Amino acid sequence: MFPKEIYWQRRKLLRELVGEGLILFPGNEESAMNYKDNTFHYRQDSSFLYFFGIGKPGFHGICDVDGGKDTLYGDDLTLEDIIWMGTQPSVTEMASEVAVESTKGLGALEGELKKALDSGRRVHILPPYRGDQVIRLAGMLGTDCEGVQEYVSRELIAAVVQLRSVKDQYEIAEIEKAVDVAGIMHTTAMKMGFPGNFEHELSGAIEGIALSHGGPVAFPVILSMDGQTLHNHYHGNELIEGRLVICDAGAETEMCYASDITRTFPVGGKFSTRQKEIYELVLKANVESIAASVPGRTNREVHLAAARIIAGGLKELGLMKGDVDEAVAAGAHALFFPHGLGHMMGLDVHDMEGLGENNVGYTDTLKRSDQFGLAYLRMGRQLETGFVMTIEPGCYFIPALISKWKGEKKFEQFINYSRAESYMGFGGVRIEDDIVITSNGSRVLGTPIPKTIEEVEETMRG
Ligand code: GLY
Ligand code: MN
Ligand code: MN
């Protein structure tokens, strides 16, 4: 856990930003997999972790804005719990670790909320994202499941986004730990990237590395020779010489901070000329986008600059044609780079996505585009010092998309379809790093992970 004053300060700022009422943070409960006692990996809610720090089920937190105090609701373990689960600190002890002075049993919560609502006070909640959470909230708030939505508070969402967006030195140190574990995961995958191994041998080995460092993976491992499928979770192929593998994987630290790294490597350890050409192009977009990520610039501008690098390179390779700026403005590059340049990262790998992507990545004046490709950019708004972002340009040859656009004669002035068709079976290249925006630029987090063609080939030789 971070020093207790951090949690106290976060809650104080939150109360000031929200202004009035009660803020309710329901902690996550265990989630049954196939029967009640056989559960999925437990994950605490990220906002609960941010403000109350306790990574265990059975807790709720209330920040009483009008009364200027916070209360942790939870029950001490029974003897039966201790027999099966072991001992754990008392609720009061845990509360004191995060500088919460008041504790109450869970049974008191419903009455407190009812009292507040009966006296006309507002209860603020964040958007719930688990079914059991909605049902519990409905019970606590004396409403039905649909009625819960009325308590979702725009003021609270805005305040939480404002606070969680800027990472402090402790959070950045945690994220760097997660990136360093990801570095071991990625170099391990590269070293295993030889014909005869199956994708699941690589994905299983790297998931085990995350676990052996104390946390699970930050999201299900994406590892595939069919990298043209952007989030490919199928790991059943045997590696074939000459194909590329996209590996998009990250670790979660014990404090639940994420990393999200992608590397692309050639099965067998040597890039072909064609693979090198596309790889260098994506690498250029990655490196230049990192350099372009500075406070005050919008991430949308950085994304579009990356798109121009990809389109310009594809023009040199004869895959695109015409004016590069016009092609990108029209969205023609999205045939090859259909996703966004990156997203915020922190306690969630797509940080705060549960609070609404547009609430995190867009503003009243900068709205999300509905153009294919640009519409997938999760974060468009201006970068600020302390934001942690991913930078993940890519270039893919997606047969279904190429065939569809060709059939529609879409952007024929910008795309050389016969040449694009000759890349069917290539897969894709994505290169993803995690950065922090500094006061005058940006910095790649963690120990460098092999990224250039020479570094990747050297790692695979090793
Ligand atoms: N790991 C999923 C992503 O890069 O957004
Ligand atoms: Mn990723
Ligand atoms: Mn990512």
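What the table shows:
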| item | result |
| --- | --- |
| Residue among L239, L211 that alone is free of Cβ contacts under 8 Å to residues at least 40 places away in the same chain, among the aliphatic types (A, V, I, L, M), away from ligand 2 (no atom under 16 Å from the Cβ) and more than 17 Å from R430 (Cα to Cα) | L211 |
| Selection within the stretch 440-462 - basic (K, R) and open to solvent by less than 40 Å² (accessible area, probe 1.4 Å) | K451 |
| Within the stretch 429-457, tally of residues that are away from ligand 1 (no atom under 16 Å from the Cβ), among the β-branched types (V, I, T) and not in a strand (DSSP E or B) | 5 |
| Residue that is farthest from ligand 2 (Cβ to nearest atom), among those in the stretch 346-357 that are outside any helix (DSSP H, G or I) and touching a His at 6+ places or on another chain (Cβ under 9 Å) | D351 |
| Failed condition for F426, given (1) part of a loop (DSSP other than H, G, I, E, B); (2) open to solvent by 40 Å² or more (accessible area, probe 1.4 Å); (3) in contact (Cβ under 8 Å) with a residue 40 or more places away in the chain; (4) of a type outside the set (V, I, T) | (2) |
| Matching entry among A95, A99, A108, A116 (being of a type in the set (G, A, S), within 30 Å of T385 (Cβ to Cβ) and modelled with pLDDT of 95 or more) | A99 |
| Number of positions in the stretch 358-400 that are charged (D, E, K, R), within 16 Å of ligand 2 (Cβ to nearest atom) and under 24 Å from R154 (Cβ atoms) | 1 |
| Yes/no for L366 being open to solvent by 10 Å² or more (accessible area, probe 1.4 Å) and not acidic (D, E) | yes |
| Complete set of residues in the stretch 360-390 that are of a type outside the set (A, V, I, L, M, F, W, C) and either within 16 Å of ligand 1 (Cβ to nearest atom) or closer than 19 Å to A258 by Cβ (or both) | G361, G373, Y376, R378, G380, G386, T390 |
| Among the residues listed as I209, I246, the single one being within 21 Å of V456 (Cβ to Cβ), within 16 Å of ligand 3 (Cβ to nearest atom) and of a type outside the set (K, R) | I246 |
| Sole residue being more than 16 Å from ligand 1 (Cβ to nearest atom), surrounded by fewer than 23 Cβ atoms within 10 Å (Cβ to Cβ) and polar (S, T, N, Q), chosen from N197, N232 | N197 |
| Test for F25: is it within 26 Å of M344 (Cβ to Cβ) and free of Cβ contacts under 8 Å to residues at least 40 places away in the same chain | no |
| Options E408, E392, E432; residue that is surrounded by fewer than 22 Cβ atoms within 10 Å (Cβ to Cβ) and of a type in the set (D, E) | E408 |
| Inter-residue pairs, beta-carbon under 9 Å, first without any contact (Cβ under 8 Å) to a residue 24 or more places away in the chain and in the stretch 243-271, second outside any strand (DSSP E or B) and within 10 Å of ligand 2 (Cβ to nearest atom), 6+ apart | none |
| Candidates D348, D325, filtered to the one that is within 16 Å of ligand 3 (Cβ to nearest atom), touching a helix residue (DSSP H, G or I) at 6+ places or on another chain (Cβ under 8 Å), open to solvent by 30 Å² or more (accessible area, probe 1.4 Å) and modelled with pLDDT of 95 or more | D348 |
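Residue-by-condition table, conditions (1) of a type in the set (S, T, Y); (2) over 24 Å from D348 (Cα atoms):
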position: S96; (1), (2): yes, yes
position: A116; (1), (2): no, yes
position: I125; (1), (2): no, no
position: V160; (1), (2): no, no
position: V181; (1), (2): no, no
position: M185; (1), (2): no, no
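The values are calculated or read from the model by the stated rules, or taken from the named source; none is laboratory data. The model shown is predicted, which means the values in this text are computed figures rather than measured ones. Glycine also receives a Cβ, built like all others from the backbone with ideal geometry; neighbour counts cover every protein chain displayed. Heavy atoms of the whole protein, side chains included, go into the accessibility calculation; ligands, DNA and RNA do not. Shrake-Rupley method; radii C 1.70, N 1.55, O 1.52, S 1.80 Å.
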